[in-house]
Amino acid sequence: MITDLDSDGDGEVSKKELKNVFAKLFPGANFEATWEELDSDGSGSLTTKELANHFGMGQSPSSTSNPNPNPNPKPNLSLP
């Protein structure tokens, strides 16, 4: 997705690059509010990480906490 938005190929999506696409897709929508939400670090450009976090894809499966590390535990059948 970032490569489609990154018209100058620098690896990030600038405010200008996103604004051009945003205006075509969502005419009349509030771009500034959307930009402030997306640009979470306030750098003035969007990274892959910022876009992934915004769309709920920011964590890899290996980084999520697993409350049950053994997916197939054997039941405890011993009597007290």
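The values are calculated or read from the model by the stated rules, or taken from the named source; none is laboratory data. Everything quoted here is computed from the prediction, not taken from an experiment. Note: ideal-geometry Cβ built from the backbone for every residue, glycine included; neighbour counts use all protein chains shown.
Among the residues of the range 2-24, the ones that are exposed (fewer than 11 other Cβ atoms within 10 Å of the Cβ) and either within 20 Å of Met57 (Cβ to Cβ) or in contact with a Gly (Cβ under 7 Å, 6 or more places away or on another chain) (or both) come to 2 in all.
Just to be sure I understand, how many residues within the range 1-50 are polar (S, T, N, Q) and in contact with a strand residue (DSSP E or B) (Cβ under 7 Å, 6 or more places away or on another chain)? Give the derivation first.
In the first step, residues of the range 1-50 are kept if they are polar (S, T, N, Q); the result is 3, 7, 14, 20, 30, 34, 40, 43, 45, 47-48.
Imposing the further condition that a residue be in contact with a strand residue (DSSP E or B) (Cβ under 7 Å, 6 or more places away or on another chain) reduces the set to 14, 45.
Total meeting the criteria: 2.
For the list (1) surrounded by 11 or more Cβ atoms within 10 Å (Cβ to Cβ); (2) modelled with pLDDT of 90 or more, I need the number of the one condition that Leu51 fails. So the condition that Leu51 fails would be (2).
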